[in-house]
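A quick write-up on the structure given underneath.
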Amino acid sequence: MRTQVCIIGGGPSGLLLSQLLHLKGIDTVVLERQSREYVLARIRAGVLEQGFARLLHEAGCGERMDREGQVHEAFFISDQGRLHRVDLNRHSGGNSVVVYGQTEVTRDLYAARDRLNGIVIHEAEDVQPHDLTGDHPFVTYRQGGEEGRVDCDFVVGADGFHGVSRKSIPKDVLREYEKVYPFGWLGVLSRTPPVSHELIYARHDRGFALCSLRSPVLSRYYIQVPLTDRVEDWSDDAFWEELKRRLPGEVAARLVTGPSIEKSIAPLRSYVAEPMRHGRLFLAGDAAHIVPPTGARGLNTAGSDVHYLYHGLVAHYLQADSSGLQQYSERALARVWKAQRFSWFLTTLLHTFPQSPEYDRKLQEVELAYLWSSEAAQRSLAENYVGLPY
Ligand code: APR
Ligand code: PHB
C-alpha cells in the first residue's frame with residue numbers, strides 16, 4: 001500500500017490528524033493494534049479546551065459535542081471541607097471548557113473516518129516503522145496472519161505511551177524526562193446524577209478526590225489511593241464511604257451512590273520524550289508525553305501536537321513550505337512543557353504525599369490561601385485550565 005502519511009495508533013490523536021489531513025486532500029493510513037470495540041471501551045478524562053473543541057469542529061466532528069457536551073464556566077476546589085469556586089469565565093476573559101468524554105470524541109472521530117471511507121486497519125500486529133531517516137520510509141505489520149507494508153512520505157507515531165514509534169528513535173538521540181508519583185487514582189463511573197453540576201477537586205488529609213461527570217445521569221468520581229491497592233480491594237460501598245469522607249459535609253450529604261459501571265486504578269506519572277521528530281517520524285500525543293490527570297491536560301495537549309503537525313503537513317504538501325515540519329518538535333514541546341508544569345502544580349497542590357514533610361503540607365496550605373486572596377493567582381489558574389493559546 002502507498003500513502004502520504006502513515007499514522008501508527010488509532011486513538012484520538014491519530015484519528016483526529018487523519019481526519020483533518022483527509023479534508024485537505026492528504027492521504028493517510030491508520031494502523032491500530034486493537035479492535036475498534038476495545039479502543040471505544042477505554043474510559044478517559046472528559047474536559048476539553050476550546051482549542052480542542054475548535055479542532056474537532058474543523059475536522060467536521062463537533063456536532064454531537066455541541067449537542068451533548070456541557071459548557072463549564074467554573075470548577076470548585078474544596079480545601080479540607082471548604083468549597084471555593086474558580087470562575088474560569090471571569091478570570092480567563094470569557095473562556096470556558098466543554099465536558100464531553102474522550103470516549104465519545106473517539107467514537108465521533110471513527111464515525112467521521114467511516115463517512116469519508118478513511119482507511120483504519122485494526123488488529124494490526126507487530127507494527128514496525130523502517131528507514132525513518134531515509135527518503136522512503138515504510139511501515140510493516142501483520143493482520144490475521146497476512147504481512148502488510150505501507151510505503152509513505154512520513155510516519156506519525158500516535159500510538160500512546162506503550163507504542164512502538166518512540167522506541168524506534170535511537171537511544172543516543174532520545175532524551176526522556178520522568179516523574180512518578182507515589183499514588184494512583186481509583187476511578188468509578190456510575191449511572192447516578194452528578195453530586196455537583198461543576199467539577200469539584202478536593203484536597204483532604206485522607207487524600208485527593210475528584211467529582212466529575214459525563215452527563216446529567218452519568219457521574220465520574222476518583223479518589224487518590226496507594227499504588228499497592230488493587231481494584232478488587234475496593235467494594236463499591238468502600239469507595240463511596242471514602243469519597244464522602246474527603247468531600248465537604250454538605251456535598252457528601254447529597255451524593256447519590258449506585259453500582260459502579262467501571263472501576264479502575266491509574267498510576268500518576270509525568271513524562272516527556274525529546275525530540276518529537278526523528279527524520280521522517282513525528283510523535284504526537286501520549287506517544288511523546290503524559291501528564292497526571294489532575295487538570296485534564298492529556299487529551300488537550302495531544303490536541304496541540306495534532307494542530308502543529310497538521311498545519312506543518314498542510315504547508316508542506318499544499319504550499320511546498322516545510323518550515324512547520326522543521327519546527328514541529330520545538331513548537332510542540334514548548335506547549336507540552338507548560339502543560340507538564342500545570343499538571344505537576346495541581347497534582348502537588350492537591351494530593352497527600354505519604355513521605356512528605358510537614359513543611360510541604362504548609363506550602364500547600366499557603367499556596368491555596370494565596371490563591372483565594374489573589375485575583376492574579378486565580379487568573380493564572382484559569383488561564384492554564386482553559387488551555388494556553390496555540
Ligand atoms: N501499533 C499500533 N497501534 C498501537 C501500538 C502499536 N504498536 N501501540 C499502541 N497502539 C494504539 C493503542 O491501542 C491506542 O489505541 O495507539 C493508540 C494510542 O491511543 P491513546 O493511548 O489514546 O493516545 P493518544 O491518541 O495520543 O491520545 C491521548 O489519550 O491517554 C489519553 O491522557 C491521554 O487523553 C490523552 C489521550
Ligand atoms: C474526568 O472526568 O474523568 C476528569 C475530569 C477532570 C480531570 C481528570 C479527569 O482533571
- Task: State all residues of the range 46-77 that are surrounded by fewer than 21 Cβ atoms within 10 Å (Cβ to Cβ), touching a strand residue (DSSP E or B) at 6+ places or on another chain (Cβ under 9 Å) and part of a loop (DSSP other than H, G, I, E, B); if no residue qualifies, say none.
- Result: GLU73
- Message: So if I check each of ARG175, ARG191, which one is more than 12 Å from ligand 2 (Cβ to nearest atom), over 17 Å from ALA238 (Cα atoms) and out of contact with any Leu (no Cβ under 9 Å at 6 or more places or on another chain)?
- Response: ARG175
- Query: Mind checking which residues of the range 64-103 are touching a helix residue (DSSP H, G or I) at 6+ places or on another chain (Cβ under 7 Å), of a type in the set (D, E, K, R) and more than 28 Å from GLY207 (Cα to Cα)?
  - Reply: ARG64
- Task: Would you be able to say whether some residue in the range 250-270 is at positive phi and either within 16 Å of ligand 1 (Cβ to nearest atom) or free of Cβ contacts under 8 Å to residues at least 24 places away in the same chain (or both)?
- Result: no
- Message: All but one of (1) out of contact with any Phe, Trp or Tyr (no Cβ under 8 Å at 6 or more places or on another chain); (2) part of a loop (DSSP other than H, G, I, E, B) hold for TYR317; state the number of the condition that does not hold.
- Response: (2)
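Taking the criterion of being open to solvent by 50 Å² or more (accessible area, probe 1.4 Å), closer than 21 Å to GLY11 by Cα and assigned to a loop (DSSP other than H, G, I, E, B), would at least one residue in the range 275-284 satisfy it? Give the derivation first.
So in the range 275-284, the residues open to solvent by 50 Å² or more (accessible area, probe 1.4 Å) come out as 277, 280.
From what's left, closer than 21 Å to GLY11 by Cα: 277, 280.
Now narrow it down to the ones that are assigned to a loop (DSSP other than H, G, I, E, B): 280.
Within the range 275-284, one or more residues are open to solvent by 50 Å² or more (accessible area, probe 1.4 Å), closer than 21 Å to GLY11 by Cα and assigned to a loop (DSSP other than H, G, I, E, B).
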- GLY9 fails exactly one of (1) at positive phi; (2) open to solvent by 20 Å² or more (accessible area, probe 1.4 Å), namely (2)
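May I ask you to verify whether LEU213 is surrounded by fewer than 17 Cβ atoms within 10 Å (Cβ to Cβ) and away from ligand 1 (no atom under 16 Å from the Cβ)? Give the derivation first.
Values: surrounded by fewer than 17 Cβ atoms within 10 Å (Cβ to Cβ): no; away from ligand 1 (no atom under 16 Å from the Cβ): yes.
When the stated conditions are applied, LEU213 does not pass them.
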- Task: Could you please find all residues in the range 127-164 being under 25 Å from the mean Cα position of the chain (by Cα) and over 21 Å from PRO275 (Cα atoms)?
- Result: VAL127
- Could you look through the range 13-36, keep only residues that are within 11 Å of ligand 1 (Cβ to nearest atom) and open to solvent by 20 Å² or more (accessible area, probe 1.4 Å), and pick out the one that is nearest to PHE52 (Cα to Cα)? ARG36
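In the range 150-205, which residues are basic (Lys, Arg) and within 16 Å of ligand 1 (Cβ to nearest atom)?
Pass one, the range 150-205, residues basic (Lys, Arg): 166-167, 171, 175, 179, 191, 203.
Once the filter is applied, which keeps residues that are basic (Lys, Arg) and within 16 Å of ligand 1 (Cβ to nearest atom), the range 150-205 yields ARG166, LYS167, LYS179.
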- Task: Collect the residues in the range 116-137 that are closer than 19 Å to LEU21 by Cα and either aromatic (Phe, Trp, Tyr) or loosely packed, with under 15 Cβ neighbours inside 10 Å (or both), keeping them in residue-number order.
- Result: LEU116, ASN117
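Rundown of residues vs (1) modelled with pLDDT under 95; (2) open to solvent by less than 20 Å² (accessible area, probe 1.4 Å); (3) farther than 18 Å from GLN80 by Cα, yes/no style:
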site	(1), (2), (3)
ARG220	no, yes, yes
ASP229	no, no, yes
PHE239	no, yes, yes
GLU242	no, yes, no
GLY249	no, no, no
ALA252	no, yes, no
GLY258	no, yes, yes
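The values are calculated or read from the model by the stated rules, or taken from the named source; none is laboratory data. From a predicted model like this one, the values you see are computed outputs, not experimental measurements. Cβ coordinates were reconstructed from backbone atoms using ideal geometry, including for glycine residues, and neighbour counts include every protein chain displayed. Calculation scope for accessible area: heavy atoms of the full protein, side chains included, ligands and nucleic acids excluded. Shrake-Rupley method; radii C 1.70, N 1.55, O 1.52, S 1.80 Å.
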